[in-house]
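Okay, structure first, notes after.
The values are calculated or read from the model by the stated rules, or taken from the named source; none is laboratory data. Note that the coordinates shown come from a computational prediction; the quantities given were computed from them, not determined experimentally. Counting neighbours? That spans all protein chains shown, and the Cβs are built from the backbone with ideal geometry, glycine included. These area figures cover heavy atoms from the full protein model, side chains too; ligands, DNA and RNA do not enter into them. Shrake-Rupley method; radii C 1.70, N 1.55, O 1.52, S 1.80 Å.
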Amino acid sequence: MEKNITKRTKKKILVVGHFGYKIDQIGGQTIKTRNVYNMLQSKQYLMGANYFDTQELRVGYKSIAKFVRKIIRTDLIIIIPANNNLKYLFPIIYLYSKIANKKIIMIAVGGYLDLFLKDKYIIKKMVSDIKIVMPQTESLCKRLIDETGLKNVETLHNFKLHNHKPVVDNKTTILRVVYLARIKRSKGYEAIFRLAKYLHERRMEDIVIDFYGPIEKEDFEHFHDHLENQNIVRYKGIVASDQVHKTLSEYDVMIFPTQYPGEGFPGTILDAYIAGIPVITTNWKDLPEFIEEGRTGYVYNIEKEDEMYGFVSSLHNNRELLNTMKLAAHDKSQEYSAEKAWEIIKKYI
């Protein structure tokens with residue numbers, strides 16, 4: 001029976017998005033795009049999957065010819081677009097799909113699709129006509145239905161392919177705090193330096209705070225200026241993608257004080273859960289959707305930053321609570337498994 005199902009459902013699939021392979025660019029969009037492709041590849045008993053990195057379109061006509069060849073040979077197009085690809089590439093793909101009778105699945109990146117479509121009637125009409133649109137959050141899904149009028153919407157949470165099993169360390173007396181994401185002001189690194197100052201003033205120096213991630217060019221000097229004035233904060237570079245969960249498992253809690261406008265379901269929160277550490281984050285955009293308050297982490301009001309200081313102090317003083325939250329965080333990660341994502345995607349393939 002399985003063989004017959006496999007024959008009927010086998011399709012040529014093209015994943016179109018920013019993979020970032022050309023300059024090995026790491027970020028939320030490239031990681032999400034690679035995860036989708038790798039998941040499809042892992043299901044190759046059902047289908048064949050190919051990809052096109054939209055970054056290649058910047059290098060000339062040969063890449064355009066390559067893209068045309070790939071799109072002609074595919075049965076189903078999965079597009080994972082950010083702003084520019086939504087504005088310029090998606091309409092071309094949509095028009096081709098109407099002529100060639102191809103299906104399109106759109107997997108949204110970040111949390112801004114509703115705002116993008118608000119004043120773009122023609123693109124919104126095209127988006128409403130494809131097979132399915134998959135935002136990262138339940139809140140965005142609801143906004144797309146209620147405010148944008150889309151009907152072809154289903155949530156596809158962030159997910160990661162991994163086999164990591166964290167071990168809770170009950171012995172350390174030092175609270176190990178970590179930030180792992182792009183290092184830019186809108187992601188909130190200044191709030192972490194203010195936390196370090198608060199801890200130093202109260203002589204709570206059995207706490208370490210480590211930063212990991214690529215530093216944005218425009219913030220490089222500003223970040224390092226802050227770094228030089230702290231004695232419990234360190235910058236530890238960029239972590240290889242296959243070492244992220246192992247690295248995070250060496251810490252006790254993730255702090256993610258973001259106010260980034262495009263935030264959806266940040267991969268760094270999921271990475272923390274997989275690694276078995278709770279997350280302290282801001283009440284920004286849809287982030288509260290992913291935190292079980294007091295169980296997998298805490299959400300604090302951006303205007304009341306001292307709430308974040310209090311949460312850190314509480315975990316520092318209550319190791320039993322911290323260890324309970326670590327176990328709960330890893331349990332939470334199982335809600336966002338690749339298998340659960342596949343159960344959603346496969347309905348539309």
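Here is how the numbers come out for the structure above:
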| quantity | calculated |
| --- | --- |
| Conditions (1) within 21 Å of His164 (Cβ to Cβ); (2) at pLDDT 95 or above; number of the one not met by Glu339 | (2) |
| In segment 274-297, the residues that are assigned to a strand (DSSP E or B), surrounded by 19 or more Cβ atoms within 10 Å (Cβ to Cβ) and of a type outside the set (A, V, I, L, M, F, W, C) | Thr281, Thr282, Gly297 |
| Which listed residue is of a type in the set (Gly, Ala, Ser) and under 26 Å from Ile344 (Cβ atoms), from Ala49, Ala65 | Ala49 |
| Segment 42-81: number of residues that are open to solvent by 60 Å² or more (accessible area, probe 1.4 Å), more than 26 Å from Glu343 (Cβ to Cβ) and modelled with pLDDT of 85 or more | 6 |
| Filtered residues of segment 205-261 (kept if of a type in the set (D, E, K, R), in contact with a strand residue (DSSP E or B) (Cβ under 6 Å, 6 or more places away or on another chain) and open to solvent by 30 Å² or more (accessible area, probe 1.4 Å)) | Arg234, Lys236 |
| Lone unmet requirement of (1) open to solvent by 30 Å² or more (accessible area, probe 1.4 Å); (2) not in a loop (DSSP other than H, G, I, E, B) for Ile269 | (1) |
| Lone unmet requirement of (1) assigned to a loop (DSSP other than H, G, I, E, B); (2) polar (S, T, N, Q); (3) exposed (fewer than 15 other Cβ atoms within 10 Å of the Cβ) for Asn84 | (1) |
| Hits in segment 298-318 - residues which are farther than 16 Å from Ala328 by Cα, open to solvent by 30 Å² or more (accessible area, probe 1.4 Å) and among the polar types (S, T, N, Q) | Asn301, Ser314, Asn317 |
| Complete set of residues in segment 142-180 that are part of a strand (DSSP E or B) and either among the aromatic types (Phe, Trp, Tyr) or crowded, with 20+ Cβ neighbours inside 10 Å (or both) | Val153, Lys160, Leu175, Val177, Val178, Tyr179, Leu180 |
| Unique match (being in contact with a Pro (Cβ under 8 Å, 6 or more places away or on another chain) and not in a helix (DSSP H, G or I)) among Ile238, Ile255 | Ile238 |
| Test for Ile123: is it farther than 26 Å from Ser333 by Cα and among the aliphatic types (A, V, I, L, M) | yes |
| Qualifying residues in segment 97-133 (those that are assigned to a loop (DSSP other than H, G, I, E, B) and in contact (Cβ under 8 Å) with a residue 60 or more places away in the chain) - the one surrounded by the fewest Cβ atoms within 10 Å (Cβ to Cβ) | Lys131 |
| Neighbours by Cβ (under 7 Å, 6+ apart or cross-chain): first from segment 320-349, without any contact (Cβ under 8 Å) to a residue 12 or more places away in the chain; second among the basic types (Lys, Arg) and open to solvent by 90 Å² or more (accessible area, probe 1.4 Å) | none |
| Segment 248-270: number of residues that are over 19 Å from Thr137 (Cβ atoms) and among the hydroxyl-bearing types (Ser, Thr, Tyr) | 2 |
| Filter pass, Ile71 being more than 24 Å from Lys160 (Cβ to Cβ) and in a helix (DSSP H, G or I) | yes |
| Pairs, first under 12 Å from Ala82 (Cβ atoms) in segment 15-26, second modelled with pLDDT of 90 or more and part of a loop (DSSP other than H, G, I, E, B), C-beta under 7 Å, six or more apart | Gly17/Pro81 |
